[in-house]
Amino acid sequence: MGGFELKWFVGVAVVLMMVQNILGWGKEGHYIICKIAEEYLTEDALAAVKALLPDQAEGDLAAVCSWPDEVRRHYHYRWSSPLHYVDTPDFLCNYKYCRDCHDGHGLKDRCVTGAIYNYSMQLSQGYYDLNSEKYNLTEALMFLSHFVGDVHQPLHVGFTGDLGGNSIIVRWYRRKTNLHHVWDNMIIESALKKYYKSDIMLMTQVLLKNITHEWSDDVPSWEDCKEMVCPDPYASESIRLACKFAYRNATPGSTLTDDYFLSRLPVVEKRLAQGGVRLAEVLNRIFTKKPSVAAQ
Ligand SMILES: *[C@@H]1O[C@H](CO)[C@@H](O)[C@H](O)[C@H]1NC(C)=O
Ligand SMILES: *[C@@H]1O[C@H](CO)[C@@H](O)[C@H](O)[C@H]1NC(C)=O
Ligand SMILES: *[C@@H]1O[C@H](CO)[C@@H](O)[C@H](O)[C@H]1NC(C)=O
């Protein structure tokens, strides 16, 4: 590694360590999920999304899917912090909206599933009444895209007592970190390095290919949702996966290496794919063509 690359690497590593406790799926995870979603948007939904994106996105949804993580520490957006996750009772391995969806002060609906209902409702109401200035639909789109991703990260639906794995200190190979961060970032980062030459588009392409090949029989069941949006079953899947894969053999102080990485990576890959497919589905349902006057 040359001096410049080394300095760059150290700089990035320091920044990542500083922010590791507060981010959802890392930047990579959200980017991949939103890139997958873009591939499955209908023409109407794509047009609506492009119209709502802020300028800095340059027409690419994936470019702003980490925006809610970037702002949540700022004073103005601190209220949004509890909307990134939902905590469940310790060791029960199940999730119930009415029991679990509240913030640390017990305020109802203030959790990731509540936020998904909130922002999908804002977008669908706003789409039919574009003159309404009740909501900022640009923010609603960025929040919704981010939170549909987060609810698929198993430890965003984790136990209350360990803050979804944030307080479980482990080693990822030689590096000291926490279990939540392993699932947000480390598994994806290690996979990118080991299998994809650190090329995130390459990993996205392979996931897209698996969606149309190995997983094609399962995809209709991923999309199954009779409402506008179905975050509750996704949260139930996440806590089950958290118990079965994330928490298992990852007690405080343990060192996680190849055994853990190789057996958990397929879980992460499938969650990224499901998140992307489902995000596209909900955006497609929200932004269906408006009924024309003649058809009424
Ligand atoms: C719903 O969205 C509004 C606007 O961003 C926000 O003020 C409110 O806290 C949100 N509530 C939930 C439960 O997401
Ligand atoms: C809506 O939110 C975006 C992103 O935070 C911001 O740039 C924009 O100014 C907001 N629009 C209005 C009308 O407040
Ligand atoms: C794609 O599917 C193959 C076969 O099931 C699997 O070995 C591979 O890990 C999958 N890759 C990704 C990125 O999902």
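A short reminder: the numbers here are calculations on the coordinates, not readings from a lab. This is a predicted model, so every value here is computed, not measured. FYI the Cβ positions are ideal-geometry reconstructions off the backbone, even for glycines, and counts take in every protein chain you see.
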In degrees, nearest 10, the alpha-carbon axis of helix 27-39 is tilted away from the dominant principal axis of the alpha carbons of the chain by 40
Nearest 10, in degrees from 0 to 90: the angle of helix 200-212 to the longest Cα principal axis of the chain is 60
Peptides 164-175, 222-233: what's the order by average Cβ count within 10 Å, highest mean first? 164-175, 222-233
Taking only DSSP H segments of four or more residues, each worth -39500 (n - 2.57), what value at 222 nm results for the chain once the sum is divided by all its residues, to the nearest 500 deg cm²/dmol? -15500 deg cm²/dmol
Going residue by residue through the stretch 143-151, the Karplus relation 6.51 cos²θ - 1.76 cosθ + 1.60 with θ = phi - 60° gives ³J(HN,Hα) values, rounded to whole Hz and with x marking Gly or Pro, of 5, 4, 4, 6, 6, 4, x, 4, 5
So ASP199 and THR288, fully extended at 0.36 nm per residue minus their Cα-Cα distance, gain in nm 28.7 nm
Report ³J(HN,Hα) in whole Hz for each residue of the stretch 164-178, in order, from the Karplus equation J = 6.51 cos²θ - 1.76 cosθ + 1.60 where θ = phi - 60°; Gly and Pro get x. x, x, 5, 9, 8, 7, 9, 9, 9, 6, 9, 9, 7, 7, 10
Could you tell me which of the pairs LYS197/LYS226; LYS96/LYS270; LYS194/LYS244; LYS27/LYS50; LYS27/LYS96; LYS50/LYS194 are separated by over 31 angstrom between their Cα atoms in the structure shown? LYS197/LYS226; LYS50/LYS194
Using amide H atoms built in the peptide plane, which far-off residues or other-chain residues are under 5 Å from THR255 H to H? ARG171
Does the chain come out rounded, prolate or oblate by the C-alpha gyration tensor, with a ≥ b ≥ c the root eigenvalues, rounded set by a/c under 1.5 and, if not, prolate when a/b is larger than b/c and oblate if not? prolate
Round to the nearest 10 and give me the degree value, 0 to 90, for the angle of helix 43-52's Cα axis relative to the longest principal axis of the chain. 80
Quick calc: nm separation of the 7 Å Cα→Cβ label points for SER132 and GLN56 -> 2.7
Using a Förster distance of 22 Å, how high is the FRET efficiency between THR160 and HIS105, based on the Cβ-Cβ distance and rounded to 0.05? 0.95
Length-normalised contact order of the chain, Cα under 8 Å, at least 6 apart, in percent, tallies to 28
Students often forget the sequence filter, so: which aspartates and glutamates lie under 19 Å Cα-Cα from LYS134 once same-chain residues fewer than 8 apart are removed? none
Please report how far the C-alpha centroid of the stretch 79-156 lies from that of the stretch 218-287, rounded to the nearest whole angstrom. 17
For the stretch 96-197, shape from the Cα gyration tensor axes a ≥ b ≥ c, cut at a/c of 1.5 then a/b versus b/c, turns out oblate
